[in-house]
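Notes to accompany the following structure.
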Amino acid sequence: MGRRVYLDHNASTPVHPEVIAEMLPYLAERFGNPSSIHGFGREAREGLETARERIADFLRVGKDEIVFTSGGTESDNLAVKGVALARGRGHIVTSRVEHHAVLRSCQALERQGFTVTYLPVDGDGLVDPDDVRRAIRPDTILVTIMHANSEVGTIEPVVEIGRVARAHAVPFHVDGVQTFGKMPIDVDAAGIDLLSFSSHKIYGPKGVAGLYIRKGTRMAAVQDGGEHERRRRAGTENVAGVVGLGKAVEIRAREMAAEALRVRALRDRLTAGIEARVPDVRVNGHPTRRLPGTANVSFRHVESESIVLGLDLKGVGVSAGSACTSGNVEPSYVLVAMGVPLEWAMGAVRCSLGRGTTAEDVDYVIDAVEPIVRKLRAASPVSR
Ligand SMILES: Cc1ncc(COP(=O)(O)O)c(C=O)c1O
């Protein structure tokens, strides 16, 4: 097999070998149900609680403020619907660039009679905290804004938005799936009441995640069942997965600062290399307030899926900023909300780097992308 280069870390990451080693006993001999009171159950419970402690320490919050879920999607659903259903009615403030887990939860609540304001963003993808202030009404029950956007990497001003929410005594949820374990986050300084995070973006296993819920936050359960997770989330916990998430967090706590610098340098080498070799290219997202490993690059007059498939033939994994839905190619809703012109939005490709990415990988991708784009443009009527 030829060279393979994975530049899709915002989609998922390989599980760290130390994480796998820590998980294995919980799939084998420590298989008990953590709710059982016998020795087998207690062993499983110990793994679960050690992980909870590691995550609580990392976030500098209480252990009883961490709830485990089946994914970032569930954490977002639980946060948004849990707060809304506890109140029964009201108004929610969010943005147009949230992940679908938040957007579609809001839309589901609208069908139940809640009202939602979807705030615009500027050309870099930023939400304006003053827009949040203006949107808040006497019946506002929740502000939910993501920390960093998964497509373009723009980091939202959550500290300023949190200040606004707090001044109006409105609970503040932050979807931190793309930043948790990649950069520091201070939930007290940012006035965050609920923070979603996920395991498989930080070298942990898939299908496990968590939600920080500040003590005293009024929440309804979204899933009915047993008394697990202090009645916040019914269902037997994914013990091995949670143990893996805990270990992944512990590793990120010691690695993330140096990794951010290393990955940012590689990301900048990638975009500079592409810009030097390929004409008619632009980088989407905020120039500086951006996830260190994320480069969303638009190639004018080329369809992103064609570039993704061309790179795939070269063993490179990146993701398309536009998607083919029912035969039509649609630009990304995030780029549309940012006002990126269609001819650029259609040719957006997201490269997201991670702990395994090397300078050789980056140079290989730069070399691979140039002839792909050149050939696609030669075959395209609009670019001639
Ligand atoms: C910002 C954001 N929120 C939520 C999710 C959903 O997380 P999960 O894949 O763990 O369900 C993702 C995953 O891409 C994401 O990027």
>> If you take every residue apart from residue 283 with its C-beta less than 15 Å away from the C-beta of residue 283, what net charge results, scoring Lys and Arg +1 and Asp and Glu -1?
In response: +4
> So which DSSP H runs in the chain come out at 27 Å plus along the axis (Cα) with average Kyte-Doolittle of at least 0.5?
Replying inline: none
>> Give me, ordered by chain and number, the residues 5 or more places off residue 317 or on other chains with an amide H under 5 Å from its own placed amide H.
In response: 5, 6, 7
> Out of 278, 222, 239, any idea which swings most in a Gaussian network model of the chain, alpha carbons joined below 10 Å?
Replying inline: 278
>> Quick check on the exposure proxy: order 358, 288 from fewest to most C-beta atoms within 10 angstrom.
In response: 288, 358
> Roughly speaking, what is the centre-to-centre gap between segment 152-181 and segment 188-247 when only Cα atoms are used, to the nearest Å?
Replying inline: 18 Å
>> Can you compute the FRET efficiency between residue 280 and residue 360 using 1/(1 + (r/R0)^6), with r the Cβ-Cβ distance and R0 = 35 Å? Round to the nearest 0.05.
In response: 0.85
>> Suppose only helical runs count, i.e. DSSP H with n ≥ 4. What mean residue ellipticity at 222 nm does that imply for the chain under -39500 (n - 2.57) per run, divided by all residues and rounded to the nearest 500 deg cm²/dmol?
In response: -13000 deg cm²/dmol
>> Taking the alpha-carbon distance from residue 314 and a cut-off under 20 Å, which lysines remain once sequence neighbours fewer than 8 residues away in the same chain are dropped?
In response: 375
> residue 247: which lysines have alpha carbons under 26 Å from its alpha carbon, excluding same-chain residues fewer than 8 sequence positions away?
Replying inline: 63, 182, 201, 206, 215
> Between residue 234 and residue 189, what length in nm is gained on full extension when 0.36 nm per residue of separation is reduced by their alpha carbon distance?
Replying inline: 13.2 nm
>> With θ taken as phi - 60° and the coefficients 6.51, -1.76 and 1.60, list the Karplus ³J(HN,Hα) couplings across segment 124-131 in order, rounded to whole Hz; mark glycine and proline as x.
In response: 9, x, 8, 7, 8, x, 5, 5
>> Give me the one-decimal Kirkwood hydrodynamic radius in Å for segment 16-172, with the sum taken over alpha-carbon pairs.
In response: 17.9 Å
>> Sequence gap at least 6, Cα distance under 8 Å: using those rules, report the relative contact order of the chain to the nearest whole percent.
In response: 22 percent
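How much of the pair distance distribution for the chain lies past 34 Å, counting alpha-carbon pairs only, in percent?
On the way: 22834 of 73536 pairs.
Tail of the P(r) past 34 Å holds 31 percent of the pairs.
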>> For a quick check, take a GNM of the chain with Cα springs below 10 Å and name the residue from 134, 89, 374 with the largest mean-square fluctuation.
In response: 134
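Every number here is computed from the coordinates shown, using simple stated rules; none is lab data. Quick caveat: nothing in here was measured; it's all calculated off a predicted structure. A quick note on method: Cβ atoms are made from the backbone with ideal geometry, for glycine too, and the neighbour counts reach across all protein chains shown.
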